Amino acid sequence: MDDHDSDAEAGHVRAFYGRRKGKRLRPGQEERLADLLPRLRLPEAGRLDPSALFPRPVSETWLEIGFGGGEHLAAQARLNPGTGIIGCEPFVNGVVKLLRTVDEEGLDTVRFWDRDAMELLPRLPDASIGRVFLLYPDPWPKRRQRKRRFVSDEALGEIARVLVPGGEFRFASDIDDYVGWTLVRAARCPALRWTAARSADWTTPWPEWPGTRYEAKTTAEGRRPSYLTFVRV
């Protein structure tokens, strides 16, 4: 992999890439989007206090960047009812899927940010997030598209800043090139340390890992996912 240049040296300004909306929403989905999302969406401006975002006290706050259909986020909310979880996902169809789950199951510790996560991270205080997830992000595989990848020196710097000491950044991908890309940039971030000591540490899912539909599909196609854990030092 020819990947020696830093993101700063690439000289680009980050923009959001990707679809905002897919197939047409059904009436019930439109209703949740209009009525429920405004109540669960984070404020659009100003500094955020994660502990004040939820209707009851939480022991810590986690952040999932690009939650897709929300399967993993919902599973974490069920397993950890005392933890507040912020989900970032600009894709409307993914947002309405998780809204339905949150609504039907009464998951009151989930909050939404339906825009680019890089608009949210700078608004979070230092050492305010216990865990950050980035699971199967769009790999943008063509060389000219790589600048679109979410993982960058800037993004990892922001993730490290908002993590509490000892907090975890969890990354999963089935694209070897993106795994290598992430390891290179994490190695350049002095505040993050990769925790792996042996191959099983990055080829075995996390103990409470619920899996996702995308992961099942990619595994059936013969691609082997990697699960990277970085700790805030």
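List of remarks:
- Number of the exception - F230 against (1) touching a Cys at 6+ places or on another chain (Cβ under 9 Å); (2) assigned to a strand (DSSP E or B); (3) open to solvent by 10 Å² or more (accessible area, probe 1.4 Å): (3)
- Checking W206, W181 one by one, the residue that is of a type in the set (F, W, Y) and surrounded by fewer than 17 Cβ atoms within 10 Å (Cβ to Cβ) is W206 and no other.
- Taken together, the residues in region 84-121 that are open to solvent by less than 10 Å² (accessible area, probe 1.4 Å) and in a strand (DSSP E or B) amount to 8.
- Residue that is hydroxyl-bearing (S, T, Y), closer than 24 Å to V58 by Cβ and either open to solvent by 20 Å² or more (accessible area, probe 1.4 Å) or within 15 Å of the chain's Cα centre (by Cα) (or both), where the choices are S199, S173, S128: S128
- With respect to (1) open to solvent by 20 Å² or more (accessible area, probe 1.4 Å); (2) within 20 Å of M118 (Cα to Cα), the lone exception for R144 is condition (2).
- Only residues that are without any contact (Cβ under 8 Å) to a residue 24 or more places away in the chain and either in contact with a Lys or Arg (Cβ under 8 Å, 6 or more places away or on another chain) or of a type in the set (D, E) (or both) were counted across region 81-112, and they come to 1.
- Identification of helices (runs of 4 or more DSSP H) wholly contained in region 139-220 with 3 or more residues that are at pLDDT 95 or above and out of contact with any strand residue (DSSP E or B) (no Cβ under 8 Å at 6 or more places or on another chain) yields 153-162, 176-187.
- Residue count, region 181-198 (criterion: within 19 Å of Q145 (Cβ to Cβ) and out of contact with any helix residue (DSSP H, G or I) (no Cβ under 9 Å at 6 or more places or on another chain)): 1
The values are calculated or read from the model by the stated rules, or taken from the named source; none is laboratory data. On a predicted model such as this, the values are computed, not experimentally measured, just so you know. Neighbour counts run over all protein chains shown; Cβ positions are idealised from the backbone, glycine included. Quick note on the areas: whole protein, heavy atoms, side chains included, nothing else; ligands and nucleic acids left out. Shrake-Rupley method; radii C 1.70, N 1.55, O 1.52, S 1.80 Å.
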